[in-house]
Amino acid sequence: MVRILLATSTVELEDLVKRAIEGDASAELVLIARSGREAVRMTGELLPDIVAVELCPSGDDSAETVREIMIAAPTPVVMLSHRDGSQLGTISARALEAGALAVIPAPAAHGMPLEQPAIEKFLSTIKAMSQVKVVRQWRQKVRGDRAAKDQPPTARTPIGIVGIAASTGGPAAIRAILKDISADLPVPILIVQHMSNGFIDGVAASLNATVPLTVKVARNGELLKPGTVYLAPDNCQLGVSGRSRLRVSDDAPVNGFKPSGSYLFGSIARAFKGESLAVVLTGMGDDGTEGLRALRMAGGKAIAQDEKSSVVFGMPKSAIGAGLVDLVLPLESIAENITAIARGGANRKGKRGHESCGAHASDLTRRRQTAPL
């Protein structure tokens with residue numbers, strides 16, 4: 001039984017959620033919080049399996065509600081939207097960066113009955129997210145400057161492009177990486193982030209306002225520029241056309257994903273070969289693994305986020321288990337390694353992929369893992 005706490009001030013959304021759950025014996029709506037403060041308090045008192053928070057353009061700050069839940073009573077949180085996503089993009093980006101796992105649409109209704117496919121997708125997502133292991137967050141402290149130590153040795157071949165793939169937990173991880181990369185990075189970064197339609201513009205705008213690099217949603221045929229981050233648009237595949245331009249296409253999904261990390265990695269491998277760097281971040285499933293095979297065969301390099309810092313270890317675990325990564329790194333070390341490799345260095349701080357895979361394999365047998373979707 002999945003116990004759900006709903007935080008909403010909207011009667012319409014409350015009704016939609018109740019009607020979606022009422023026919024499913026494996027889900028229960030335990031209570032409704034009418035404010036962010038109530039949601040935080042009830043989460044600590046009722047210990048639900050998941051908290052569904054309305055993504056609302058007015059009233060309580062959705063991101064602050066998520067942040068306080070993750071500090072006071074760490075619980076999986078999803079944001080529910082039943083409005084036009086283009087109007088909520090920036091708000092959704094802040095909520096995701098605060099620790100929300102995903103933004104999902106509320107069950108849709110045409111007239112009185114709910115759409116059955118919408119109900120099934122809503123419930124399956126809620127149940128999957130309720131199984132994600134989250135960790136307590138702490139109130140932000142002022143960070144001192146990092147000491148310049150362990151300068152990376154010079155590498156023979158610097159990279160020409162970086163591709164990043166992420167899913168559940170990705171927006172916060174991506175922001176953590178990009179804020180530690182300077183604007184003079186000599187290469188472009190292309191990112192595939194799995195998320196509900198309508199929110200990627202807001203995520204791009206939020207990142208662009210808070211990180212040193214220029215961040216934008218990719219456009220087909222656009223010139224690649226160093227120090228610029230390009231996010232895959234909704235329902236489009238992102239890659240490159242040669243070594244100088246972006247390719248945004250309506251090509252078919254890869255293993256069900258569109259945009260797809262595997263598509264991105266395969267595309268940059270064909271154009272940049274050994275000058276490619278792929279990064280696989282937190283997320284359910286195995287997107288990215290297939291594309292890494294082509295990238296590694298072309299001589300490219302790959303980094304995977306480690307288990308401890310991943311919200312969901314599915315995508316990194318798949319890449320590591322296939323023996324396709326050079327380094328397995330905690331989130332806090334990925335930015336400096338990207339920068340070092342892009343400038344022709346190879347940071348010593350991470351574990352080599354072939355050394356760490358065995359350790360991960362034995363460790364994984366002792367830990368509960370979330371099954372990928």
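The values are calculated or read from the model by the stated rules, or taken from the named source; none is laboratory data. Every value quoted in this text rests on a predicted model; they were computed, and no experiment measured them. With ideal geometry, Cβ positions are generated from the backbone for all residues, glycine too; neighbour counts draw on all protein chains shown. Surface accessibility is based on the protein's heavy atoms, side chains included, excluding ligands, DNA and RNA. Shrake-Rupley method; radii C 1.70, N 1.55, O 1.52, S 1.80 Å.
Points to keep in mind about this one:
- Solvent-accessible surface (1.4 angstrom probe) belonging to F257, in square angstrom, nearest 10: 50
- Projected label distance in nm at A108 and S196, using a 7 Å step from Cα toward the beta-carbon: 1.2
- The range 154-211 - accessible surface per residue (Å², probe 1.4 Å): 32
- Nonlocal amide H pairs with A27, under 5 Å, H built at 1.01 Å: V2
- With the cut-off at under 18 Å, measuring from each backbone N in the range 173-199 to a point 7 Å along the Cα-to-Cβ line of D251 picks out 189-194.
- Extension gain (nm, one decimal) between D61 and S124, 0.36 nm per residue minus Cα-Cα: 20.0 nm
- Taking every Cα-Cα distance in the range 7-56 and sorting them into 5 Å bins starting at zero, the pair-distance distribution P(r) comes out as 4, 20, 31, 25, 16, 4 percent.
- Legend: calculated FRET efficiency, K18 to K273, from the Cβ-Cβ distance at R0 = 56 Å, rounded to 0.05, equals 0.55.
- Violating pairs (Cα-Cα greater than 25 angstrom) within the set K133/K273; K258/K317; K179/K216; K179/K225: K133/K273
- To put it simply, the accessible area of the range 183-277 at a 1.4 Å probe is 48 percent carbon and sulfur.
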